[in-house]
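> Mind having a look at this structure? Questions to follow.
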Amino acid sequence: MKTIRVNIQVNNEKNVLQVRPYETLLETLRERLNLTGAKEACSMGACGACTVVVNGIPVRSCIVLTAEVDGAVITTVEGLKENGELHPLQEAFMEKGAVQCGFCTSGMIMTAKALLDRKKRPTKKEIVKTISSNICRCTGYKKIVEAVEEAGKKMA
Amino acid sequence: MKDNFNIVGKRVVRSDSLDKVTGAARYTADIKLPNILVGKVLRSPYPHARIVSIDLKRALKVPGVKAAISGFDAYGIKWGVFRYTQDHAMLPTDKVRYIGEDVAAVAAVDEETALEALSYIKVDYEPLPAVFDPIESMKEGAPQIHAEHKNNINIHIHIDVGEVDKAMGKAFLVREDTFKAAGEAYAMMEPYAVVASYANGYLDLWMPNAGPHVRAKALSNLLKLPLNKVRIRHINSGGAFGGRSEVAPGDLVASLLSIKAGRPVKLVLSREENATSSRQVHDIMATIKTGMKKDGTIVAKDYRVIYNGGAYSSTGPIATSIPFYVYEECYRFPNVRYNGYRVFTNKGIRGMYGCHGRAFLAGNEAQMDLMAKELGIDPVDIRLKNGLKPGEVTATKSKITSCGLKDTIKAASERTNFKKRWARKSGLKGIGMGCIAIMCGFPMGFRSGSSCYVKINDDGQATLVTGLVDNGQGNESMVIQVASEVLGIPMKDINLVCADTEVTNLDPGAYSQAAAFVGANAVRVACENARKKIVSIAAQKLRVKAADIGLKDGLAYSMKEPDKKMPISWVVREAFFRGEPVAATGSYFPNIDFEREWVSRPWGQMAGTFSFGTSIAEVSIDPETGKIAMPRFTTAHDCGRAINPMAVEGQMDGSVQQAGVAAITEGNLWDKGHLLNPDLLEYKVPLACDMPDIDTIIISSLDPEGPFGAKEGGLTVRMNAYSAVACAVTNATGELFEELPLTPDKVLTMLERKKGVKG
Amino acid sequence: MILPKFEYKKAKSVAEAVAFYHDHKGRARYLAGGTDLIPLIKLRLSTPTAVIDLKDIEELKAVSRNNGGWLTVGANVTLFNLKNDPVVREYFPALYESLDATSCETLQMRGTIGGNILQDTHCLLYNKSLEWRTARGFCYKMGGAACNVVPNAKACFSNYCSDNAPSLITLSAQVKLVGPRGERTVELEKIFSGDGRSPFLVEPGEILTEILIPLKKTQGAYEKLRVRDSMDYPLAGVAVSVKGAAARACVGGIGLAPRLYDLKNINEITIKEASDRIYADAKPVSNTVLSAIYRKRMAGALLKKAIRRVLQEGWK
Ligand SMILES: Cc1cc2nc3c(=O)[nH]c(=O)nc-3n(C[C@H](O)[C@H](O)[C@H](O)COP(=O)(O)OP(=O)(O)OC[C@H]3O[C@@H](n4cnc5c(N)ncnc54)[C@H](O)[C@@H]3O)c2cc1C
Ligand code: SF4
């Protein structure tokens, strides 16, 4: 089957790729670009572990075709650092103990990043609502909510 | 015990978290190796069928397919944790026993090719009658699942202490109830994955696992390879919760494929396969009869508990016993009889769970509340009255040493104003309490202990080598923290080599709550031995007494004259000069009665120590829909010393989700042998919006044996949170639950039963 | 889980999309946010030869007040953007609440209102992998002989789980469909076939281009039964919109099509009557995570809850 040419900017790097028409964005990131931070946990859009930010919006990359995002600007967890400095969310997740097994962490952080980018200092209620898009099996979410609150304060 | 530490007891950032927040942490599915192939498994569509033949020929002809295997390519060996439970071939050749069982597999250059090849494998089955309900399964004439187990009874645990019938006869109040609970899914975020790479006679494997050494041993048996040829390597694990303790069918599949193909093979299960074909949790039915004196003293307990064991033994005897033991480690039972039956059915394979036994435990606690109420006693007093105290011995002869049970009950009930709120409940609001004790480690033969090797490098950094494993709970960081305390070397300068069977020594694994009490203890001992060497050289060099030497921030210094100091790296270099590099080993073996056996001799010291905990749930029920809201959850855990309180809190928070909120949302649903919710949409792992406000209380009954007094980091909450919820619902409704989870339909039925409406 | 092979086409206009559809002889599927379609394809419940992406079609992206008193919503408007449109909040509270209760925030940002309306129906025995379904045996909806939930029934009892179609129906919404044979506008409640094998009366190749809602202020509420307060599809959902003394109520999540109920005058008696009728009409079967009888009872109960909430909040 014919491949499709797509231009995507991922973590500030431009990529011109030939992808299969039925290739998911998650497959492209993990297999072609070696960005394995986004995880495949349910493959059906039901958990959020594969969340990356596409043009400012969090998307579940396991149910999005790479062909759909031609021309997009994409950020993955690997691209959060700026000038070698951790993103406030990354710092807060560490300091607040919001990380346990780590499998949901990158999706959680990317979902929260999209929130903090569109909303300064979200309330606890707003944070809970946003991260109720993602499943975490370890933490009970308490420290994740605290971490996002903390990062929100730092970024405001 | 000393109390002022440099780093133990501090809220430190976990050593593994930087990799995890940057996406750098590697999990099995992230592994890439040259020439790696994709493995795919063909699974049984039948719950019970004889395998007539398996034909792989056409599959092998598909271009790009490099290997195809079935059980006929294995060695006819069956796995079992015990000699008497060896019944699991992992790739069967006689018959399949559950839907989703591994039957054959291929390795190909990519997933599409592998899927295509699977469709060409021809398996001839002769379907057999199947049975799914353990009660049916035990009846005469039920389909026989394993020839050697009559009536499909896999395990019968029989414990009989004192004179139960006599005591029951004399009791003032006797009550008998039956409770059921649906089995849960571990639902770890990472679906099971394995990479196997066979080269030069060595088999290297990566997979999320809770004990690399037990895994290697099982695989060396199954593959008839010498143990040293099977090397389980370190990799991050995306959660386990008890579900990754044993060898998995996929381990064998990937290994056989790699051996055949001579290339590395990666097998990643889909979410659905992870549910249907890796382990799940037992569904349980518990009949509980309790006798009490007029003053609330429990005089007798009589139990009959049936565990739906699925198709194979798994950790059978342990799984059939644990709920009983964690309960008898908490309360005083002068007379007790326990009949636990693990019964084979044609459902998927089952293992131990961090929250194992909720029908039994929540049933006991809720029934106790109702009986106590009849006697005019509240939940706090009944627990204080019957709870074990330090120095007491359990019904099956385990001595309790450090014990903060009373303190957890007091702290949690004071924090919530429990007594008042329980007595003066309003409307459909309720408050409930659950208590439990947990053994820290249990008999696992010579694998019950751990040892550690530590070396101090010429730059003053240290390297630890230990068999300990981390499934996400923070064990790696914990031992680094312990080493940092002992050696006075900052955590960031301590490297850890762990969970790699080629280089690390035996360890019980992240199993049986032994990581802190046993694994970290071994690390502590090794580091203390190394410390002695550092101190002795430093004392000479600084010309002070050894007793005056302190180690901190990578420096050795005189505590009396702090100006006298030198970097530890200098000490180490001096040691190299002397031809005696600073390196040491240390081990820890818990005080356990090794005569103890789960079936044949169920008594004696179970574990080196026990942790204790009390959880309190607050609920309010919508009278129209039966939906339970849980505004607040308070939980107190006696973990000994919290090495990293932030990590302990994290375990407690997670347990409130996985046991407490799960008590109203989680349960596997079946249509005969078909699992109806093998996904993350219909299996209801609670979300952030479903969580109560959580209040965690850490109680430190410093354990004389534990490292710095530590025991274990939060499992009590996993085993009492559902009890708290069930008791809160009993408080709100005046009724006992019949079945968990307490989904709104069931709660509404409870409310109507109370009103006398027919459900 | 990998997707099966298909071609991908990005359409720039409705006409181009229809032409692509024609090229694929009816074996193509339209793709909007893909949050319903891609999982179905992964499970091999749909095996198109091509997917035709509608997301770049500008004309499907707008929300506008026009046509003498209608709000026109392009099919590609995301649930999240629609929810945050001030008109929706002010005029159509039932719709606002149902949008807010749909799946979760991340999925609301990707899922479109058109895709939401045209999503496939659900059943615990249907939304499964090919392997799972093969082991269980293909049911009526998959082309088999009978239903696997209701033995011997030559019909399907899967559930239509759009949260927003019921509220749109209470608002008397219409949908515009453009296809190979031209264009038509129909009342939303008329597009349901009642047949699980193809639940919509939408012609092959037809594109839902816009949703038209009469621009009149309403009071309203949406009550949704689910186990978790996010992510979950409705196990029953009841929308109520009130204008003056009259109310329209619509029940979704149970059975193949939403059911509409008119209450001419809201009072204790009509509410009870409607609730009883809803209870009698609802015929759930055991194909969700909560029992059928419970869902049947809840349909009536949710109506009362929704109306009570509207009354408490007051209406003009
Ligand atoms: C985990 C999860 C939870 C969910 N929970 C809910 C929920 O609670 N409530 C709910 O209502 N939905 C839920 N959904 C379903 C889905 O996310 C929404 O319904 C969403 O709005 C679908 O929109 P879409 O644009 O993604 O549709 P798509 O997947 O792109 O399309 C859906 C269907 O509509 C067709 N289609 C789309 N646009 C057009 C058009 N313009 N013309 C003709 N045909 C078209 C497609 O061919 C396809 O058949 C959930 C989905 C997931 C994965
Ligand atoms: S209701 Fe019956 S026919 Fe319809 S999808 Fe479910 S099993 Fe199939």
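The values are calculated or read from the model by the stated rules, or taken from the named source; none is laboratory data. Keep in mind the model is a prediction, meaning the values are calculated, not measured. Reconstructed Cβ throughout: ideal geometry from the backbone, glycine too, with neighbour counts over all protein chains shown.
> Considering only residues that are within 16 Å of ligand 2 (Cβ to nearest atom) and touching a helix residue (DSSP H, G or I) at 6+ places or on another chain (Cβ under 7 Å), which ones fall in the range C:78-120? Don't jump to the end; show me each part of the working.
Restricting attention to the range C:78-120, the residues satisfying the condition of being within 16 Å of ligand 2 (Cβ to nearest atom) are C:119-120.
C:Asp120 - this is the single residue of the range C:78-120 that is within 16 Å of ligand 2 (Cβ to nearest atom) and touching a helix residue (DSSP H, G or I) at 6+ places or on another chain (Cβ under 7 Å).
> What's the number of the condition C:Ala19 fails, among (1) farther than 24 Å from C:Asn127 by Cβ; (2) within 16 Å of ligand 2 (Cβ to nearest atom)?
It fails just one condition, (2).
> Would you check which residues across the range C:126-164 are under 21 Å from C:Pro258 (Cα atoms), within 16 Å of ligand 1 (Cβ to nearest atom) and not basic (Lys, Arg) and list them?
Within the range C:126-164, C:Tyr126, C:Asn127, C:Ser158, C:Asn159, C:Tyr160, C:Cys161, C:Ser162, C:Asp163, C:Asn164 meet the criteria.
> A follow-up question, please. Identify all residues within the range A:72-92 that are modelled with pLDDT of 95 or more and more than 10 Å from every other protein chain (Cβ to nearest Cβ); write none if there are none. Break it down into steps so the answer makes sense when it comes.
Here is the first cut: in the range A:72-92, the ones modelled with pLDDT of 95 or more are A:72-81, A:85-92.
Correct list: A:Ala72, A:Val73, A:Ile74, A:Thr75, A:Glu85, A:Pro88.
> For the range C:125-148, what are the residues that are more than 10 Å from ligand 2 (Cβ to nearest atom) and either acidic (Asp, Glu) or in contact with a strand residue (DSSP E or B) (Cβ under 6 Å, 6 or more places away or on another chain) (or both)?
C:Glu131
> Quick one: A:Cys101 ticks every box in (1) within 15 Å of ligand 1 (Cβ to nearest atom); (2) in contact with a Gly (Cβ under 6 Å, 6 or more places away or on another chain) bar one, so which box is it?
(1)
> Here's something else I'd like to know. Mind counting the residues in the range B:533-547 that are more than 22 Å from B:Ala583 (Cβ to Cβ) and within 43 Å of the chain's Cα centre (by Cα)?
Of the residues in the range B:533-547, 1 are more than 22 Å from B:Ala583 (Cβ to Cβ) and within 43 Å of the chain's Cα centre (by Cα).
> Out of all the residues in the range C:1-23, which are more than 26 Å from C:Leu79 (Cα to Cα), buried (at least 19 other Cβ atoms within 10 Å of the Cβ) and away from every other protein chain (no Cβ under 12 Å)? Explain how you work it out, then say what you get.
Looking only at the range C:1-23, we keep the residues that are more than 26 Å from C:Leu79 (Cα to Cα), and these are C:1-2, C:4-7, C:19-20, C:22-23.
Those left that are additionally buried (at least 19 other Cβ atoms within 10 Å of the Cβ): C:1, C:6-7, C:20.
Scanning the range C:1-23 gives a single hit, C:Phe20.
> Here is a follow-up. Criterion first (in the same structural domain as B:Glu618 (by TED's automatic domain parsing), surrounded by fewer than 22 Cβ atoms within 10 Å (Cβ to Cβ) and not in a helix (DSSP H, G or I)) does B:Lys425 satisfy it?
The answer is yes for B:Lys425.
> If you check C:Glu210 against the conditions, is it within 14 Å of chain B (Cβ to nearest Cβ), more than 16 Å from ligand 2 (Cβ to nearest atom), touching a Leu at 6+ places or on another chain (Cβ under 9 Å) and of a type in the set (Asp, Glu)?
Values: within 14 Å of chain B (Cβ to nearest Cβ): no; more than 16 Å from ligand 2 (Cβ to nearest atom): yes; touching a Leu at 6+ places or on another chain (Cβ under 9 Å): yes; of a type in the set (Asp, Glu): yes.
Against the criterion (within 14 Å of chain B (Cβ to nearest Cβ), more than 16 Å from ligand 2 (Cβ to nearest atom), touching a Leu at 6+ places or on another chain (Cβ under 9 Å) and of a type in the set (Asp, Glu)), C:Glu210 does not qualify.
> Given (1) in a loop (DSSP other than H, G, I, E, B); (2) out of contact with any His (no Cβ under 6 Å at 6 or more places or on another chain), identify the lone condition not met by B:Thr501.
Checking B:Thr501 against (1) in a loop (DSSP other than H, G, I, E, B); (2) out of contact with any His (no Cβ under 6 Å at 6 or more places or on another chain), the one that fails is (2).
> So B:Phe241 ticks every box in (1) in contact (Cβ under 8 Å) with a residue 24 or more places away in the chain; (2) part of a helix (DSSP H, G or I) but one. Which box is left unticked?
Unmet for B:Phe241, out of (1) in contact (Cβ under 8 Å) with a residue 24 or more places away in the chain; (2) part of a helix (DSSP H, G or I): (2).
> Here's another thing I want to ask about it. Which condition from (1) among the charged types (D, E, K, R); (2) in a helix (DSSP H, G or I); (3) free of Cβ contacts under 8 Å to residues at least 12 places away in the same chain is the one that B:Glu485 breaks?
Status for B:Glu485: all satisfied but (3).
> B:Gly640 - would you say it is closer than 22 Å to B:Ile159 by Cβ and either more than 14 Å from chain A (Cβ to nearest Cβ) or surrounded by fewer than 24 Cβ atoms within 10 Å (Cβ to Cβ) (or both)?
It is false that B:Gly640 is closer than 22 Å to B:Ile159 by Cβ and either more than 14 Å from chain A (Cβ to nearest Cβ) or surrounded by fewer than 24 Cβ atoms within 10 Å (Cβ to Cβ) (or both).
> If I filter the range B:101-115 for residues that are without any contact (Cβ under 8 Å) to a residue 40 or more places away in the chain and out of contact with any Cys (no Cβ under 6 Å at 6 or more places or on another chain), do I get at least one hit? First the steps, then the outcome.
We begin by selecting, within the range B:101-115, every residue without any contact (Cβ under 8 Å) to a residue 40 or more places away in the chain; these are B:112.
Cutting the leftovers down to out of contact with any Cys (no Cβ under 6 Å at 6 or more places or on another chain) gives us B:112.
There is at least one residue in the range B:101-115 that is without any contact (Cβ under 8 Å) to a residue 40 or more places away in the chain and out of contact with any Cys (no Cβ under 6 Å at 6 or more places or on another chain).
> Give the residue, chosen from C:Thr49, C:Thr78, that is at pLDDT 95 or above, within 12 Å of chain A (Cβ to nearest Cβ) and in contact with a His (Cβ under 6 Å, 6 or more places away or on another chain). So that I can check it myself, show each step before the final result.
Working: C:Thr78 fails: in contact with a His (Cβ under 6 Å, 6 or more places away or on another chain).
After applying the criteria, what remains is C:Thr49.
> While we're on this one: Grab the strands (runs of 3 or more DSSP E) fully contained in the range C:218-316, keeping just those with 1 or more residues being away from chain B (no Cβ under 14 Å) and of a type in the set (D, E, K, R).
On the way: elements: C:219-225, C:236-243, C:246-252, C:259-263.
Output list reads C:236-243, C:246-252, C:259-263.
> If you go through the range A:6-24, how many residues are touching an Asp or Glu at 6+ places or on another chain (Cβ under 8 Å) and not in a loop (DSSP other than H, G, I, E, B)?
The initial filter retains those residues of the range A:6-24 that are touching an Asp or Glu at 6+ places or on another chain (Cβ under 8 Å), namely A:6-8, A:11, A:21.
Retained after the next criterion (residues that are not in a loop (DSSP other than H, G, I, E, B)): A:6-8.
Residues flagged as touching an Asp or Glu at 6+ places or on another chain (Cβ under 8 Å) and not in a loop (DSSP other than H, G, I, E, B) within the range A:6-24 amount to 3.
> Residue under question is C:Arg89, and the condition is that it be more than 16 Å from ligand 1 (Cβ to nearest atom) and either acidic (Asp, Glu) or under 21 Å from the mean Cα position of the chain (by Cα) (or both); does it hold? Reasoning before the result, please.
Numbers: more than 16 Å from ligand 1 (Cβ to nearest atom): yes; either acidic (Asp, Glu) or under 21 Å from the mean Cα position of the chain (by Cα) (or both): yes.
Here the answer is yes, as C:Arg89 does meet what is asked.
> Being under 23 Å from the mean Cα position of the chain (by Cα), surrounded by fewer than 24 Cβ atoms within 10 Å (Cβ to Cβ), at pLDDT 95 or above and in a loop (DSSP other than H, G, I, E, B), is that true of even one residue in the range B:687-708?
yes
> I'm trying to understand the selection: among the residues of the range B:60-108, which are of a type in the set (Gly, Ala, Ser), within 28 Å of B:Leu675 (Cα to Cα) and not in a loop (DSSP other than H, G, I, E, B)?
Matches in the range B:60-108: B:Ala68, B:Ser70, B:Gly71, B:Ala104, B:Ala105, B:Ala107.
> Continuing with the same structure: If you take the residues in the range B:129-181 that are part of a strand (DSSP E or B) and more than 26 Å from the chain's Cα centre (by Cα), which one is surrounded by the most Cβ atoms within 10 Å (Cβ to Cβ)? Spell out the reasoning first.
Restricting attention to the range B:129-181, the residues satisfying the condition of being part of a strand (DSSP E or B) are B:153-161, B:173-181.
Right, trim to more than 26 Å from the chain's Cα centre (by Cα) and you get B:160-161, B:173-177.
On the way: B:Asp160: 14, B:Val161: 20, B:Leu173: 15, B:Val174: 17, B:Arg175: 16, B:Glu176: 13, B:Asp177: 17.
Here the answer is B:Val161.
> Of B:Thr635, B:Thr625, which residue is assigned to a loop (DSSP other than H, G, I, E, B) and within 25 Å of B:Thr733 (Cβ to Cβ)? Write out each step before concluding.
Working: B:Thr635 fails: assigned to a loop (DSSP other than H, G, I, E, B).
Testing whether each residue is assigned to a loop (DSSP other than H, G, I, E, B) and within 25 Å of B:Thr733 (Cβ to Cβ) leaves just B:Thr625.
> Kindly check whether there is at least one residue in the range B:304-320 that is on the phi > 0 side of the Ramachandran plot and out of contact with any Phe, Trp or Tyr (no Cβ under 9 Å at 6 or more places or on another chain).
Initially, the range B:304-320 is screened for residues on the phi > 0 side of the Ramachandran plot, giving B:310, B:314.
Now narrow it down to the ones that are out of contact with any Phe, Trp or Tyr (no Cβ under 9 Å at 6 or more places or on another chain): B:314.
Among the residues of the range B:304-320, at least one is on the phi > 0 side of the Ramachandran plot and out of contact with any Phe, Trp or Tyr (no Cβ under 9 Å at 6 or more places or on another chain), which makes the answer yes.
> Read through the list (1) outside the structural domain of B:Val326 (by TED's automatic domain parsing); (2) among the aromatic types (Phe, Trp, Tyr); (3) touching a Ser or Thr at 6+ places or on another chain (Cβ under 7 Å), then give the number of the only condition that B:Phe612 fails.
(1)
> I've got another one for you. Under 8 Å between Cβ atoms, which residue pairs at least 6 apart in sequence (or on different chains) link something in the range B:358-382 that is within 17 Å of B:Lys410 (Cβ to Cβ) with a partner that is among the basic types (Lys, Arg) and part of a helix (DSSP H, G or I)?
Qualifying pairs under 8 Å: B:Ile377/B:Lys385; B:Asp378/B:Lys419; B:Val380/B:Lys419.
> Tell me yes or no: at least one residue of the range A:96-118 is farther than 30 Å from C:Val227 by Cα and touching a residue at least 24 places away in the same chain (Cβ under 8 Å).
First pass over the range A:96-118, keeping only residues farther than 30 Å from C:Val227 by Cα: A:117.
Now drop any that are not touching a residue at least 24 places away in the same chain (Cβ under 8 Å), which leaves A:117.
Yes: the range A:96-118 contains one or more residues that are farther than 30 Å from C:Val227 by Cα and touching a residue at least 24 places away in the same chain (Cβ under 8 Å).
> Taking C:Arg228, is it touching a residue at least 60 places away in the same chain (Cβ under 8 Å) and more than 16 Å from ligand 2 (Cβ to nearest atom)? Working first, answer last.
Numbers: touching a residue at least 60 places away in the same chain (Cβ under 8 Å): no; more than 16 Å from ligand 2 (Cβ to nearest atom): yes.
When the stated conditions are applied, C:Arg228 does not pass them.
> Condition test on C:Leu95, is it more than 11 Å from ligand 1 (Cβ to nearest atom), in contact with a strand residue (DSSP E or B) (Cβ under 9 Å, 6 or more places away or on another chain) and within 26 Å of C:Leu43 (Cβ to Cβ)?
Numbers: more than 11 Å from ligand 1 (Cβ to nearest atom): yes; in contact with a strand residue (DSSP E or B) (Cβ under 9 Å, 6 or more places away or on another chain): yes; within 26 Å of C:Leu43 (Cβ to Cβ): no.
Criteria not met by C:Leu95.
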